[in-house]
Amino acid sequence: GQNIDQPTEMTATEGAIVQINCTYQTSGFNGLFWYQQHAGEAPTFLSYNVLDGLEEKGRFSSFLSRSKGYSYLLLKELQMKDSASYLCAVRASNDYKLSFGAGTTVTVRA
Amino acid sequence: SAVISQKPSRDICQRGTSLTIQCQVDSQVTMMFWYRQQPGQSLTLIATANQGSEATYESGFVIDKFPISRPNLTFSTLTVSNMSPEDSSIYLCSVVFSNTEAFFGQGTRLTVV
């Protein structure tokens with residue numbers, strides 16, 4: 001099976017930076033996705049990594065190390081609207097199916 | 001990206017009944033999937049909706065309980081059959097356009113009473 005771990009909760013202050021780690025042990029690897037999910041809403045696609053390194057998209061960046069089975073999502077200049085659950089998902093093969101971690105709830109405080 | 005319309009957005013159903021959820025995409029997609037998100041949990045894949053053939057189910061999910069149709073490249077339905085309170089969840093369709101993108105519909109929040 002697939003094993004994807006991420007912290008349950010994180011709290012940070014408005015304007016600060018938060019890093020959400022994700023480690024994975026899967027039968028294969030064909031890409032890692034990050035999603036944002038606000039309470040009561042569907043997940044929103046944030047980023048995709050398949051090669052090692054950092055992908056930057058505005059205030060959000062995602063990093064991948066395939067040899068370590070590790071990724072992180074970096075949220076900069078935190079805003080109150082960034083309070084949400086962040087889901088790490090791994091695609092283990094070429095069939096496009098995703099396996100999800102349990103999600104990290106980020107709370108941004110004023 | 002594209003517009004993914006999922007309906008109903010929510011429903012309250014009596015146990016023993018069935019509910020069919022629709023997912024419509026405004027462009028042709030390579031792959032469509034159905035996921036379930038139980039209260040306080042992350043997403044679990046139910047099945048791959050195959051165009052013109054039977055869906056491929058994940059371990060723990062069966063066709064009799066979750067029949068799926070996908071008559072073309074833009075539309076799919078998921079039926080939750082003979083519902084019980086344990087089926088209360090959010091059901092989400094997901095579409096894949098390319099190797100680097102996977103998007104979700106807005107979800108159907110189902111409550112079984």
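When only Cα pairs below 8 angstrom with a gap of at least 6 residues are kept, chain B shows a relative contact order of 36 percent. Peptide B:6-13 has a mean shielding of 0, counted as Cβ atoms of other protein chains within 10 Å of each residue's Cβ.
A DSSP coil position with no more than 14 other Cβ atoms inside 10 Å describes the following GluC sites (Glu not before Pro) in the stretch A:1-93: A:GLU14, A:GLU41, A:GLU77. The apolar share of the surface of the stretch B:1-40, taken as the fraction of accessible area on carbon and sulfur atoms (1.4 Å probe, ligands and nucleic acids excluded), comes to 44 percent. Shielding value for B:101-110 is 4, the average number of Cβ atoms from other chains within 10 Å of each residue's Cβ. Heavy-atom accessible area, probed at 1.4 angstrom with all protein chains present, ranks B:ASP64, A:ASP82, A:ASP52 as B:ASP64, A:ASP52, A:ASP82, highest first.
The mean number of Cβ atoms from other chains found within 10 Å of a Cβ in peptide A:94-103 is 6, as a whole number. Would you mind checking the pairs A:LYS81/B:LYS65; A:LYS76/B:LYS7; A:LYS68/A:LYS97; A:LYS97/B:LYS7 and listing those with alpha carbons more than 32 angstrom apart? Over 32 Å Cα-Cα: A:LYS81/B:LYS65; A:LYS76/B:LYS7. The A-B contact accounts for approximately 1600 Å² of buried accessible area, totalled over both chains at a 1.4 Å probe radius. Rounded to the nearest percent, how much of the accessible area of the stretch B:44-113 (1.4 Å probe, protein heavy atoms only) is carbon and sulfur? Result for the stretch B:44-113: 51 percent of the exposed heavy-atom area is carbon or sulfur.
Loop-resident chymotrypsin sites (Phe, Trp or Tyr not before Pro) (DSSP state other than H, G, I, E or B) in the stretch A:1-53 with no more than 16 further Cβ atoms inside 10 Å of their Cβ: A:PHE29. Residues of the stretch B:36-59 that become at least 30 Å² less accessible with every protein chain present than in their own chain isolated, using 1.4 Å: which are they? Residues passing the criterion (a loss of at least 30 Å², heavy atoms only) are B:GLN37, B:SER42, B:LEU43. At a probe radius of 1.4 angstrom, the accessible area of chain A per residue rounds to 48 square angstrom.
Each Lys or Arg adds one and each Asp or Glu takes one away; over the other residues whose Cβ falls under 10 Å from the Cβ of B:LEU110, this sums to +1. Using a probe radius of 1.4 angstrom, the carbon and sulfur fraction of the accessible surface of chain A is 47%. Averaged per residue, chain B has 46 square angstrom of accessible surface, using a 1.4 angstrom probe with ligands and nucleic acids left out. Shown in residue order for the stretch B:40-50 are the 3J(HN,Hα) couplings computed by the Karplus curve 6.51 cos²θ - 1.76 cosθ + 1.60 at θ = phi - 60°: x, 10, 8, 8, 10, 6, 8, 6, 9, 8, 9 Hz (x for Gly and Pro). A straight chain from B:GLN41 to B:ALA2 at 0.36 nm per residue would run longer than the Cα-Cα distance by 11.4 nm. Shape index of the protein assembly as shown: Rg/Rh, with Rg the Cα radius of gyration and Rh the Kirkwood radius from the inverse mean 1/r over Cα pairs, equals 0.97.
The values are calculated or read from the model by the stated rules, or taken from the named source; none is laboratory data. Computed from a predicted structure; not experimentally measured. Note that we place each Cβ from the backbone using ideal geometry, even for glycine, and neighbour counts take in every protein chain shown. For accessibility, only protein heavy atoms count, side chains too; no ligands or nucleic acids. Shrake-Rupley method; radii C 1.70, N 1.55, O 1.52, S 1.80 Å.
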